[in-house]
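S.K.: Quick one: structure below, then a few questions.
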Amino acid sequence: MLHIKTEVDIAASPSRVWRALVDFTRYPEWNPFIAVRGAPGAGLDIDWSFGSYGRKRLWTPALITAHEEPRRLAWEFGVGRLFNLQEAFTLEEAHGRTLLRHSFTCGGIIASLGKPLLRRRLEAVLSAADSGLQRHLSVPARVAAASKSLSRRSSSRAPSTHRTRRRRR
């Protein structure tokens, strides 16, 4: 069994961090490796993928094993005794901020045989996701909402096809 855990202090309330964690459609904005499809909720099935955005992804079914708003979110997937993985997020309020504990627990034959390589890879994945979430949540909510509003307004306007010609004298 391989267990990897990180802790990161995020300058946002646990409810704000929770909203980011369960908004699976926005994972590409902060998580460079993990993608999730489906609805959040204890006991619900989701699709989980590991890889780089912009490349073809392989998806695997996963099960949400913990959904305790706004404290804990976890899911797991695997192939019998060959390989299994659990990813978990635990949130703790600390003076208006959030202490996020993020972990991967891997088991099975593949995890045992490839432990050193798997450990390095998963530590890098956790670190990148945690840093991305920190950056994502460091943007004040009103600034993010304002930029969304501006992008919606500009995308709703049809591009102008009219061009003005200057006359030569």
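The values are calculated or read from the model by the stated rules, or taken from the named source; none is laboratory data. Just so it is clear, the model here is predicted, and its values are computed rather than measured. In this analysis, Cβ positions are derived from the backbone assuming ideal geometry, glycine residues included, and neighbour counts consider all displayed protein chains.
S.K.: Enumerate the pairs (first residue in segment 1-15 and over 30 Å from residue 108 (Cα atoms) and touching a residue at least 60 places away in the same chain (Cβ under 8 Å); second residue anywhere and among the small types (Gly, Ala, Ser) and surrounded by 12 or more Cβ atoms within 10 Å (Cβ to Cβ)) with beta-carbon separation below 9 Å, excluding pairs fewer than 6 apart on the same chain, so at least 6 apart or on different chains.
M.R.: As it stands, the answer is 12/20, since those pairs meet every condition given.
S.K.: When residue 27 is evaluated against the numbered criteria (1) closer than 20 Å to residue 101 by Cα; (2) free of Cβ contacts under 8 Å to residues at least 24 places away in the same chain; (3) in a loop (DSSP other than H, G, I, E, B), which criterion, by number, is the only one it fails?
M.R.: Exception for residue 27: condition (3).
Table: residues versus (1) in contact with a helix residue (DSSP H, G or I) (Cβ under 8 Å, 6 or more places away or on another chain); (2) at pLDDT below 95.
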position	(1), (2)
81	yes, yes
95	no, yes
99	no, no
104	yes, no
115	no, yes
120	no, yes
124	no, yes
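Conditions tested, residue by residue: (1) modelled with pLDDT of 90 or more; (2) among the charged types (D, E, K, R); (3) surrounded by 13 or more Cβ atoms within 10 Å (Cβ to Cβ).
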| site | (1), (2), (3) |
| --- | --- |
| 77 | yes, no, yes |
| 87 | yes, yes, yes |
| 90 | yes, no, yes |
| 128 | yes, no, yes |
| 144 | no, no, yes |
| 149 | no, no, no |
| 154 | no, no, no |
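S.K.: Restricting attention to segment 30-63, and to residues there that are among the aromatic types (Phe, Trp, Tyr) and not in a loop (DSSP other than H, G, I, E, B), which single residue is surrounded by the most Cβ atoms within 10 Å (Cβ to Cβ)?
M.R.: 48
S.K.: Oh, and also: Considering only segment 96-113, state which residues are surrounded by fewer than 15 Cβ atoms within 10 Å (Cβ to Cβ) and out of contact with any Lys or Arg (no Cβ under 9 Å at 6 or more places or on another chain).
M.R.: Residues satisfying the conditions are 96, 112, 113.
S.K.: Determine which member of the set 104, 77 is touching a residue at least 60 places away in the same chain (Cβ under 8 Å), more than 18 Å from residue 14 (Cα to Cα) and either within 17 Å of the chain's Cα centre (by Cα) or in a loop (DSSP other than H, G, I, E, B) (or both).
M.R.: Result: 104 is the single residue among 104, 77 that is touching a residue at least 60 places away in the same chain (Cβ under 8 Å), more than 18 Å from residue 14 (Cα to Cα) and either within 17 Å of the chain's Cα centre (by Cα) or in a loop (DSSP other than H, G, I, E, B) (or both).
S.K.: Are any of the residues in segment 42-51 out of contact with any Ser or Thr (no Cβ under 8 Å at 6 or more places or on another chain) and closer than 17 Å to residue 6 by Cα?
M.R.: no
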